[in-house]
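Encoded as structure tokens, the structure appears first; notes follow it.
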Amino acid sequence: MASSSQTGTASTAPSSAPSSSGAGITTNASYKIGLLLPETTTARYETKDKPYFTAALKAACPNCTLSYANANSDASTQQQQAESMLANGVKVLVVDPFDGVAAASIVSAAKAQNVPVIAYDRLIKSPDLAYVVSNDYKQVGVLQAQTMVAKLKAENVDPSSGGIIMINGATTDNNAGNIKAGALSVINGSGYKVLSETDTWDPQQAQQWVAGQITKFGHKIIGLYSANDNNGNSAIAALHAAGWADADIAKLAITGLDASQQGLQNIIGGLQLMTTYNAFKLEATKAAQAAVYFAEAKTPPSNGTVDGHPAFLNPPVAVTIDNIESTVIADAFWKASDICTSQYAAACAKAGIK
């Protein structure tokens, strides 16, 4: 999920992303390319990132072979998967690390075999990383907090009446730290205070934590910041379980990330204020193209740096009820029929989503 900092050394990303149909690379050579994704809890990895990457690799290198594995939220599993791919002769590894610190050992193992590693979506903390393809995650946090604070102020929510609870992402994820930093850069100057916060990408842990905060603070919770849609949905479940009415939940201006189906439906249903959309197709396309550049012993183009590494950074967009149709539907990320199921048909019609 400001400047495009993945770390304090990142440069500024462009105001709008280049088209995914822009100049890339093509080759008739035959390479093995490895793709390692981190988990299945968030649906985007299997349903969006993998197929987008597969299609982009096929377009850039029709004779290339894709080796794919998902770590299912386990760093040691991801290490084993990487070692297996290296043993099978992959030319390039594209890794979305479950643990960005632990995955440095993957980069080390790859370097020993002269295999470049591209960090995809999440940074790997290694000086030997070849390239980064990611999103502007500090800006994600900025957009989330700006949208939340603007809503609270528009509703004349008195800062002295309570405060915001924050569900940030896991501390093992470099992106989560940047999202949090972006959000706090807005919240800290807003007049609203943070009552409490937690750091997890686990929806069950998030739900249990929110339940505890409801017991502790009750309706002194006047805003609920969530770093992604899954945790936001878990917060909504905890609020419902505690007897909060939908109208009271709507006042909390709940935020999110990933433009998930459930997140968008929560927005349409009035329970969640916004989500943050990154054009995953463009991100996956740039990662696949970068892999082919490296396989060809060429340097891929970049539009910034992350932690001193050349990078392509994808700018995010805040999505609310007002622009669902012009963003995720217009991009064919979701069809209107995916979001506007029978339960949400009336709300979609009212919002003009079709």
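The values are calculated or read from the model by the stated rules, or taken from the named source; none is laboratory data. Because the structure is predicted, anything quoted here is derived from the model rather than measured. Cβ coordinates were reconstructed from backbone atoms using ideal geometry, including for glycine residues, and neighbour counts include every protein chain displayed.
With the requirement that a residue be of a type in the set (S, T, N, Q) and modelled with pLDDT of 95 or more, what does the stretch 41-72 give you?
Scanning the stretch 41-72 gives 54, 63, 65, 67, 70, 72.
The residues in the stretch 109-136 that are of a type in the set (S, T, N, Q) and in a strand (DSSP E or B) can be counted, and the count is 2.
Residues of the stretch 126-170 that are more than 14 Å from residue 257 (Cβ to Cβ), of a type in the set (D, E, K, R) and within 22 Å of the chain's Cα centre (by Cα): none at all. Could you tell me whether the stretch 103-118 includes any residue that is among the basic types (Lys, Arg) and farther than 30 Å from residue 212 by Cβ? Checked the stretch 103-118: at least one residue is among the basic types (Lys, Arg) and farther than 30 Å from residue 212 by Cβ.
When the stretch 267-279 is filtered for residues that are over 16 Å from residue 316 (Cβ atoms) and crowded, with 24+ Cβ neighbours inside 10 Å, only 272 remains. Annotation note: of 310, 315, the sole residue that is at pLDDT 95 or above, surrounded by fewer than 23 Cβ atoms within 10 Å (Cβ to Cβ) and within 23 Å of residue 174 (Cα to Cα) is 310.
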